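The values are calculated or read from the model by the stated rules, or taken from the named source; none is laboratory data. Every value quoted in this text rests on a predicted model; they were computed, and no experiment measured them. A quick note on method: Cβ atoms are made from the backbone with ideal geometry, for glycine too, and the neighbour counts reach across all protein chains shown.
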Number of protein chains: 2
Amino acid sequence: MTEESIRVIPEACCTLDISGAEQEKLVTMFKAVGNPIRFEIMKFLVSRPGCITGDIVEYLPIAQATVSQHLKVLRQAGWIEGTVEGTATSYCLHEENIAWFRKRVNAIF
Amino acid sequence: MTEESIRVIPEACCTLDISGAEQEKLVTMFKAVGNPIRFEIMKFLVSRPGCITGDIVEYLPIAQATVSQHLKVLRQAGWIEGTVEGTATSYCLHEENIAWFRKRVNAIF
DNA sequence: GTCAAATATCGTAATAATACGATATAAGGA
DNA sequence: TCCTTATATCGTATTATTACGATATTTGAC
């Protein structure tokens, strides 16, 4: 006897309609924020917009050099923006890129 | 002379209001999809829902073992679901988790 | 110019991710 | 049972990421 349950394969629940440079940028942003420390930095920047590197170093349990490296990854991915202010650097979320991210994610998921 | 432009620090453009297990799950999902090959697999599954591993292997320029590994990462992150069908495994997007992802991302960004 | 402060970069060690070939596993058919 | 098919897992080499201490760079104060 061949008992066979018919499996319904649903329509895809999202389009993922993206390609080329936009896809690359989005994947890079996903990757950057797909790290626990970097996600924490993002959260910190929400609560402390314009704070300087030292504030983040103070907040996190890792070395200054490592924080600087993570900030670089976030900056290069487009999540944050650094502004040199004297000897310090002040960081903010990169509003434009985040708006782009939001829009893009909403379009494809 | 001290010329000083006043820099306006904007309100944060997103809340990132998430923590604990939910944050971990989201970061894991970001990380999984933050890889070009895995993103391509996701796109392929949108166009070919219910396809089997072999279809994906055929489509991608990488070895079967590597594809299987990437599928495992996507499965463990909650992006996809595999169903054993005879000797093959059929893959679909994990609708519930994707819905959760969409909702969560919309809430925090 | 010299010094201190803040941050970035360098060099490097340790760990994790990625990829592959080979092999194991599980299911169906002869 | 034995063979084939499809996929997963193992072992391992290569590459990338993460972390650190040390050092370089940049700016402002004196």
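Out of curiosity, is residue A:34 touching a Ser or Thr at 6+ places or on another chain (Cβ under 8 Å), under 18 Å from residue B:29 (Cα atoms) and more than 9 Å from DNA strand C (Cβ to nearest atom)?
When the stated conditions are applied, residue A:34 passes them.
Name the residue, out of B:60, B:74, that is under 12 Å from the mean Cα position of the chain (by Cα) and over 23 Å from residue A:6 (Cβ atoms).
Working: B:60 fails: under 12 Å from the mean Cα position of the chain (by Cα).
From the options B:60, B:74, the qualifying one is B:74.
Residue B:27: within 13 Å of DNA strand C (Cβ to nearest atom), assigned to a helix (DSSP H, G or I), touching a helix residue (DSSP H, G or I) at 6+ places or on another chain (Cβ under 6 Å) and more than 8 Å from chain A (Cβ to nearest Cβ), yes or no? Reasoning before the result, please.
Numbers: within 13 Å of DNA strand C (Cβ to nearest atom): yes; assigned to a helix (DSSP H, G or I): yes; touching a helix residue (DSSP H, G or I) at 6+ places or on another chain (Cβ under 6 Å): yes; more than 8 Å from chain A (Cβ to nearest Cβ): no.
So residue B:27 does not fit the description; no.
Does residue A:21 qualify as being hydrophobic (A, V, I, L, M, F, W, C), more than 10 Å from DNA strand C (Cβ to nearest atom), surrounded by fewer than 17 Cβ atoms within 10 Å (Cβ to Cβ) and at pLDDT 95 or above?
Working: hydrophobic (A, V, I, L, M, F, W, C): yes; more than 10 Å from DNA strand C (Cβ to nearest atom): yes; surrounded by fewer than 17 Cβ atoms within 10 Å (Cβ to Cβ): yes; at pLDDT 95 or above: yes.
The answer is yes for residue A:21.
Identify the single condition in (1) in contact with a Ser or Thr (Cβ under 9 Å, 6 or more places away or on another chain); (2) on the phi < 0 side of the Ramachandran plot that residue B:65 does not satisfy, given that it satisfies every other one.
(1)
What is the one condition in (1) part of a helix (DSSP H, G or I); (2) exposed (fewer than 12 other Cβ atoms within 10 Å of the Cβ) that residue B:7 does not satisfy?
(1)
Considering each residue of the stretch A:40-57, count those that are within 15 Å of residue A:75 (Cβ to Cβ) and within 11 Å of DNA strand D (Cβ to nearest atom), and give that number.
Selection size over the stretch A:40-57: 1.
Scan B:85, B:96, B:81 and give me the residue that is of a type in the set (Asp, Glu), within 14 Å of chain A (Cβ to nearest Cβ) and within 11 Å of DNA strand C (Cβ to nearest atom). Steps first, please.
On the way: B:96 fails: within 11 Å of DNA strand C (Cβ to nearest atom); B:81 fails: within 11 Å of DNA strand C (Cβ to nearest atom).
Answer to the selection: B:85.
Go through (1) within 12 Å of chain A (Cβ to nearest Cβ); (2) over 20 Å from residue A:14 (Cβ atoms); (3) within 12 Å of DNA strand C (Cβ to nearest atom); (4) surrounded by 14 or more Cβ atoms within 10 Å (Cβ to Cβ) for residue B:57 and report which single condition fails.
(1)
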